[in-house]
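These notes are about the structure you will find just below.
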Amino acid sequence: MNCQPYWKALVYKCSIINQSCLLCDDPAGQHYPLCMACEQELPWLGDHCQHCALSLPMAGLTCAQCCRRLPAFEQVIALWHFGFPVDTLISRFKHNRHWPMGRLMAELLGHGVLHRFAEGLPRPDLLLPVPLARRRLRERGFNQAGMLGRWLSAQVGIPCDERLLLRTRETPAQQRLDAKARRRNLRQAFAVTGGVKGKHVAIVDDVLTTGATAQAIAQALRKAGAQRVDVYCLARTPKPGYV
């Protein structure tokens with residue numbers, strides 16, 4: 001059963017030129033529903049690890065964890081720290097079905113990805129949203145990563161395939177688990193149905209926390225023959241205590 005909302009039929013305020021900012025309700029003055037003042041105040045990700053996007057004091061460095069063991073994915077592209085108000089926007093999109101907020105963040109991510117392409121970031125052949133387990137998909141009614149992937153696909157001109165990745169077993173929610181438990185929780189939780197051999201693919205998700213989900217999927221993709229795996233997400237959770 002396809003539980004995804006028919007997103008092409010949805011009508012968004014953010015498609016209107018004269019629109020209000022979704023954060024402060026003032027006139028946006030831009031082609032998307034976010035005023036310049038609120039946009040500047042978003043928790044933009046600064047210098048970070050060149051692999052996992054963890055915040056670091058300087059650019060061009062690799063974090064201690066990636067130095068000890070490189071992840072199966074090559075690079076994470078994220079726009080923001082997972083902090084206010086981005087955390088609230090993601091939560092309202094993910095749990096309260098506020099589609100305009102998800103659409104806005106996907107558009108900003110698209111701008112960021114296109115900018116990175118212009119700077120030399122290799123373009124992937126496919127976008128692959130992180131899949132939800134069937135039970136959770138039935139409960140929520142939609143996969144937020146799938147919606148982000150489709151919006152991003154339309155903007156950057158890269159195909160999005162929601163059928164190549166499968167979640168093969170039900171797993172407890174990751175939010176209440178520490179890093180080690182997250183890795184155990186996701187062992188053999190994903191399968192690849194084919195079509196990635198020799199390809200460069202990008203995993204699409206909303207938030208990267210410990211990287212356990214991205215690592216598990218990237219390992220499955222590399223085992224299936226993917227040549228390179230990147231991760232595109234809205235936000236990266238900072239290291240505890242990082243300001």
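Tallying residues that are of a type outside the set (S, T, N, Q) and touching a residue at least 60 places away in the same chain (Cβ under 8 Å) within segment 216-243 yields 16. Across segment 130-151, the number of residues qualifying as among the hydrophobic types (A, V, I, L, M, F, W, C), touching a Cys at 6+ places or on another chain (Cβ under 7 Å) and part of a helix (DSSP H, G or I) comes to 1. Look at (1) over 17 Å from the mean Cα position of the chain (by Cα); (2) on the phi > 0 side of the Ramachandran plot and you find that THR62 fails only one, number (2). Of all residues in segment 203-215, those that are within 19 Å of ALA106 (Cβ to Cβ) have Cβ atoms under 7 Å from Cβ atoms of residues that are assigned to a strand (DSSP E or B) and of a type in the set (Lys, Arg), 6 or more apart or on another chain, in LEU208/ARG236. What are the pairs, 6+ residues apart or on separate chains, where a residue within segment 52-78 that is farther than 20 Å from GLN219 by Cα has its Cβ under 6 Å from a residue that is among the aromatic types (Phe, Trp, Tyr)? Within 6 Å, the pairs are SER55/TYR242. Look at (1) surrounded by 15 or more Cβ atoms within 10 Å (Cβ to Cβ); (2) more than 15 Å from CYS233 (Cβ to Cβ); (3) of a type outside the set (S, T, N, Q); (4) touching a strand residue (DSSP E or B) at 6+ places or on another chain (Cβ under 8 Å) and you find that ASP47 fails only one, number (1).
Table: residues versus (1) at pLDDT 95 or above; (2) over 15 Å from the mean Cα position of the chain (by Cα); (3) not in a loop (DSSP other than H, G, I, E, B).
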site	(1), (2), (3)
THR171	no, yes, no
GLN188	no, yes, no
GLY195	no, yes, no
VAL207	yes, no, yes
THR210	no, no, no
ARG222	yes, yes, yes
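Does at least one position in segment 25-36 carry a residue that is in contact with a Phe, Trp or Tyr (Cβ under 8 Å, 6 or more places away or on another chain) and within 30 Å of ARG140 (Cα to Cα)? No, the conditions are met nowhere in segment 25-36.
The values are calculated or read from the model by the stated rules, or taken from the named source; none is laboratory data. Note that this is a predicted model, so its numbers are computed, not measured. A quick note on method: Cβ atoms are made from the backbone with ideal geometry, for glycine too, and the neighbour counts reach across all protein chains shown.
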